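K.L.:
Sharing a structure here in structure tokens format.
What follows is calculated from the coordinates using simple rules that are stated; it is not laboratory data. Small disclaimer: the values here were computed from a predicted structure and weren't measured. Quick reminder, even Gly has a Cβ in these numbers, built from the backbone with ideal geometry, and neighbours come from all protein chains shown.
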Amino acid sequence: MNNYEISSLLEKVRAINPLVHNITNVVVTNFTANGLLAIGASPVMAYAHEEVADMAKIAGALVLNMGTLTQKEVKSMLIAGSSANEHGVPVIFDPVGVGATPYRTETAKRILGELNISIIRGNAAEIANAAGHQWEIKGVDAGEAQGNTIELAGTVAKELGSVAVITGKQDVVSDGTLTYTINNGHPYLTKVTGAGCLLTSVIGAFSAVDKDPVKASVAALVVYGAAAEMAAEAANDKGPGTFQIEFLNSLYNITASDIEARGSFEKISK
Amino acid sequence: MNNYEISSLLEKVRAINPLVHNITNVVVTNFTANGLLAIGASPVMAYAHEEVADMAKIAGALVLNMGTLTQKEVKSMLIAGSSANEHGVPVIFDPVGVGATPYRTETAKRILGELNISIIRGNAAEIANAAGHQWEIKGVDAGEAQGNTIELAGTVAKELGSVAVITGKQDVVSDGTLTYTINNGHPYLTKVTGAGCLLTSVIGAFSAVDKDPVKASVAALVVYGAAAEMAAEAANDKGPGTFQIEFLNSLYNITASDIEARGSFEKISK
Amino acid sequence: MNNYEISSLLEKVRAINPLVHNITNVVVTNFTANGLLAIGASPVMAYAHEEVADMAKIAGALVLNMGTLTQKEVKSMLIAGSSANEHGVPVIFDPVGVGATPYRTETAKRILGELNISIIRGNAAEIANAAGHQWEIKGVDAGEAQGNTIELAGTVAKELGSVAVITGKQDVVSDGTLTYTINNGHPYLTKVTGAGCLLTSVIGAFSAVDKDPVKASVAALVVYGAAAEMAAEAANDKGPGTFQIEFLNSLYNITASDIEARGSFEKISK
């Protein structure tokens, strides 16, 4: 992969406007929809048991986010996920806060057990906990990195049979054999609620236009991280309010030459 | 109608601060409430079966939006709608994504069948599908305009017995006999999630201060579209993040002379 | 109390990043989470009956907001509240719109009856209605102040056995004996939806780092009000959109010297 390929995928998102079906938490719906619109995708949120199978099958990707899960929404996720699996629509899973409560842990296990998950995205604690490893978590925020996230991504990807995306100071993408690290991004992202959730949905948008989940993930992370860097420069330290708005602007405005200038990622041999 | 009448209605909204009861989707609640506050209305969101009848009857308008409908919310809409009908409170309906799934189509039909809807607002595909005509739809976004929206508005208005408002590059308002086209607005509105939903709620605010649904709709569309033009100029191509913020500013700041300078609409004889 | 103590509490929030568990309404989740992140707290929203007890007990504070209450959420509030009470986690209650419908009035009574509420925060009408006094309310906005809010706060605090926080042009904090008035704030806050709800959650963040509910409330109100003043200056009358963004910036940037320069509150002898 190189920056040119990443720009090409972004252009493909903007040309195709893939429909991304999100079953996500009530905190981030608006930001997620605006971020997806900005990057060029077509967001839809649909939750009703009566319609999620119909919506998932016409989508380019299905994103399941358990940030504010309830029993009813978990059922929606399972129905939508089965439909997506059946129709070859990639399913991206964001196990928000897994490990914080037993209910989240059980639910993540259930989703991973019943569905074929193409990509799982979380911070180190979430990815570890989702696969049954121990990693401290406080609420929905990651604890300090305690270990080797490159190793963790590879291990979890093998165990789950999904591409694992761990985000943090450095991002890691692995399918268990092939592993990339991505250095784009900005600490301000941790001051905007739903920055991780939107990223998962953007990975969904890229997955809708490229069947290779590693490629789609790396491209999404580079574009997202580069846009965050541009936004931080535009926000000029005014604060997280301004950053959030500039970030939507950057997702909309980012060009191939921005990606060429900023894209920073590496293929790790294992 | 003329620009002066439109400004007078806006002043009335700002003087009366009508209570607008919204049963709307989880993506747009915040933007809808902030937009209604900016224009001078008093938003309330209430969903519980136990209270929606009580809230609807004291409201100036009831707005029903099925963007993220569930069985429970559909029931809330029917209870609130009956109460509004009984107490002479205008009901405005936004059939988001109707046609995208069978469940949405059935639900729209049910709401239109059981309630007396004063105004229905959607893109061309939604308005066509709501009345049982065929029009392609992808998720919750309109397909390309395939036909004559002026004719469509008139036909649907007659069939449903409601004022039909079709929004797009050109907006159309029709009660089946009297038809207006409105040319205000800006393409950036399509890059902000919930811009259509907020518009429906703003039509609700104007309906609360003028019993004539055609007048209320035209006034709301002109004010909304003119505010979008002002916001686009203020945002100066920085992107959809900045536009969204400037749009809230414009809804708050727009004056009679802005409307005088920008208002662009036409009465169509049929 | 003095401005220095208030700054120290703010520093404590920023150092400890207390987990604030919110069961709040669908309109304000995003703004609440972003505001809590900006002030330095760690927000979590969790609603499922299966997990709220687990989440509440590890939180620094539990915030219950009935803005868009449903039967299911009320049950979540009662489960979470019992767990918080049992584990010594302060519970802050925002009885949004109490008095507007019988259901809200009953629900507020039930929450106040079954839980040990540390602090109740609302406008004058909400605080009066929550304690069974008459005060006119329209939707979720306060009617005009009809009486003495200082007296009201003291009376309600005694009746409910909770610290009462009444916000408006002047804010009042009382435990029934000790009473403070706070003069910080800005009218633009009334043009941003959820400004009151976020305030309640910020009081939660301060309660998590200081066991004295009067001190925590006064500190939160001064910081919040001073940040609003700074935001209004930065927004420079551009409108409520810009104000909302600048307010998040100010919550993030406000320093001890800002508080020293702006903090305006008074201890009232009774």
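K.L.:
With the dipole of region C:1-154 worked out from charges on the C-beta (+1 for Lys and Arg, -1 for Asp and Glu) around the Cα centre, which of C:ALA108, C:GLY97, C:GLY81 lies farthest toward the positive end?
P.N.:
C:GLY81
K.L.:
In chain B, which whole DSSP H runs stretch at least 27 Å along their own axis (Cα) and average 0.0 or higher on the Kyte-Doolittle scale?
P.N.:
Values: long enough: B:213-235 (32 Å, 1.11).
Correct list, ordered by number: B:213-235.
K.L.:
What does the charge dipole of region B:108-257 about its Cα centre add up to, to the nearest 20 debye, if the Cβ of each Lys and Arg holds +1 and the Cβ of each Asp and Glu holds -1?
P.N.:
Using Cβ point charges on Lys, Arg, Asp and Glu, region B:108-257 gives about 240 debye.
K.L.:
Could you order the peptides B:189-195, C:263-269 from most to least packed, using the average number of other C-beta atoms within 10 Å per residue?
P.N.:
In decreasing order of mean packing, B:189-195, C:263-269 become B:189-195, C:263-269.
K.L.:
Counting only helical runs of four or more DSSP H residues, what would the 222 nm mean residue ellipticity of the protein assembly as shown come to if each run contributes -39,500 (n - 2.57) and the total is spread over all its residues? If you can, show how the numbers build up before the last one.
P.N.:
Values: 33 runs with 411 residues, N = 810.
When only DSSP H runs of four or more count, the value is -16000 deg cm²/dmol.
K.L.:
Same structure, new question: Please work out whether chain C counts as rounded, prolate or oblate from its C-alpha gyration tensor, where a ≥ b ≥ c are the square roots of the eigenvalues and a/c under 1.5 means rounded, while otherwise a/b larger than b/c means prolate and anything else oblate?
P.N.:
Rounded shape, in that the Cα axes give a/c under 1.5.
K.L.:
Using Cβ contacts closer than 10 Å as the measure, can you line up C:LEU198, B:LEU112 from fewest to most?
P.N.:
Result, fewest neighbours first: B:LEU112, C:LEU198.
K.L.:
Give me the inter-chain shielding for B:30-37: mean count of other chain Cβ atoms within 10 Å, whole number please. Show your work: numbers first, answer last.
P.N.:
Numbers: counts 14, 6, 3, 7, 9, 3, 1, 7.
Whole-number average of other-chain Cβ neighbours for B:30-37 is 6.
K.L.:
Taking +1 at the Cβ of each Lys and Arg and -1 at the Cβ of each Asp and Glu, which of B:TYR252, B:THR32, B:ILE127 sits farthest along the dipole of chain B towards its positive end, judged by Cα position relative to the Cα centre?
P.N.:
Value: B:ILE127.
K.L.:
Assigning unit charges at the beta carbon (Lys, Arg +1; Asp, Glu -1) and nothing else, what dipole magnitude in debye, to the nearest 20, does chain C show about its Cα centre?
P.N.:
With Lys and Arg at +1 and Asp and Glu at -1, about 220 debye.
K.L.:
Also: How many nm separate the modelled label positions at A:GLN134 and B:SER257, each set 7 Å beyond the Cα in the direction of the Cβ?
P.N.:
A separation of 7.1 nm, rounded to one decimal place.
K.L.:
Taking every DSSP beta bridge that has both residues in the protein assembly as shown, what percent is antiparallel when rounded to the nearest 5? Walk me through the numbers before you get to the answer.
P.N.:
On the way: 39 of 99 bridges.
Within the protein assembly as shown, antiparallel bridges account for around 40 percent of the total.
K.L.:
Also: What does the structure give for C:99-111 when I average, per residue, the other chain Cβ atoms found within 10 Å of the residue Cβ?
P.N.:
3
K.L.:
Would you mind giving the mean number of other chain beta-carbons within 10 Å of the Cβ of each residue in A:22-28, as a whole number? Don't jump to the answer; show the numbers that get you there.
P.N.:
Numbers: counts 1, 1, 2, 5, 13, 14, 5.
That average works out to 6.
K.L.:
Tell me, what HN-Hα J-couplings in whole Hz come from the Karplus equation 6.51 cos²θ - 1.76 cosθ + 1.60 at θ = phi - 60° for each residue of region B:254-266, using x for Gly and Pro?
P.N.:
With coefficients 6.51, -1.76 and 1.60, one gets 4, 10, 4, 6, 4, 5, 4, 6, 10, x, 9, 8, 9 Hz.
K.L.:
Please work out the Cα center distance from region B:225-266 to region A:93-137, rounded to the nearest Å.
P.N.:
44 Å
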